[in-house]
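A short worksheet on the structure shown next.
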Amino acid sequence: MVPKLFEGLDACVVSDALDSLGVPDRVADGLSTSWEGGRVSGAVITVELATITSAPDVVPVHLGARAITASRGGEVIVVDNGGRTEMGSWGGLLTRAAQQAGIAGVVSDGSVRDLDEARELRFPVFSRGGAVRTARGRIHEIATGGSISICGITVEPGDWVVADGSGVVFVPAALATEVDRVARELTDREVGILGRIEAGETLASVFGIDYEAMLEGQH
C-alpha cells in the first residue's frame, strides 16, 4: 500500500525538504504539542476566529463545529486565533466530537482548554499552551474554509501540516507531493548516515562536507 502524504515522516525532515526546495520558511514558531508523543499529519481545514468587539455583527456559531461537520476524516483542523492566549480557542467537547468524526488532530495559533482531556484521549493538539477562560463572550468564529494566518504563515484550505514534538510545519498543497518525495529521500540518507555511525565510522568522516551539503541537489 502506498503511504499517504507525509505518513511516517517527522516535522524536522519536512522542514529540511522545504529548505532543499527553496520554499520560504513554513515553520510555525511558538506552537507545541499538548502532550508528550503527540504527532499528526494531514490536509488542513481552516477556522478563523476574532474577538467579539472586532466583529460584533457576525452571527455567533460555536467555533470549530462547521469544520468538524465538513470533515471527510483524516484532516487536521487549524485554528487562527491571532496568537491570543488569554482564552481557549478549542476545548474538550470539541475534541471528543472531532475524534468521533475522524479528525486527525488540531493546531491552534492560540491557547486551548481541557488539555488533560486531549491527553487522556490521545488526541493530538498543538497550540501556544493551555487556558482556563472560555471563548464565550470573548471570541467567536467568523469563517471556516478560508485563508488564515498562523504564526505569520498564510495557510490555505487543503494545505498540509506535519506536527510532532519538535514543532509544526505547513506545506502548500501545490508542493505537497514534491515535498513528500524529497523528505523521503532525505530520510533514506539519514538512515544511511546512522548506519555508518553504528558501524563505528568516525564522526569527522560522517559529518563532513557531504553531510553539510545534504540538502543540496534534492530537487
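The values are calculated or read from the model by the stated rules, or taken from the named source; none is laboratory data. Note that the structure is a prediction, hence the values are computed from the model and not measured. Counting neighbours? That spans all protein chains shown, and the Cβs are built from the backbone with ideal geometry, glycine included. Ligands, DNA and RNA are excluded from the accessible area calculation, which covers all protein heavy atoms including side chains. Shrake-Rupley method; radii C 1.70, N 1.55, O 1.52, S 1.80 Å.
Ellipsoid semi-axes for segment 1-82, based on the Cα gyration tensor and the rule √(5λ), read 29, 17, 13 Å when sorted largest first. Distance between the C-alpha centres of segment 28-90 and segment 131-182: 8 Å, rounded to the whole angstrom. Along each principal axis, taking the top coordinate minus the bottom one, the Cα set of the chain gives 63, 34, 33 Å in descending order. Antiparallel beta bridges, as assigned by DSSP with both residues in the chain, represent about 60 percent of the total such bridges.
Site pair residue 184 and residue 97 shows an inter-label distance of 3.7 nm when each label is modelled 7 Å from Cα along Cα→Cβ.
Other residues with beta-carbon under 14 Å from the beta-carbon of residue 25 carry, at +1 per Lys or Arg and -1 per Asp or Glu, a net charge of -2. Here the accessible area is traced with a 1.4 Å probe on the protein chains. For segment 111-199, carbon and sulfur cover 50 percent of it. Note down the net charge around residue 84, summing +1 for each Lys or Arg and -1 for each Asp or Glu among other residues with Cβ under 12 Å from its Cβ. Residues close to residue 84 contribute a combined charge of 0.
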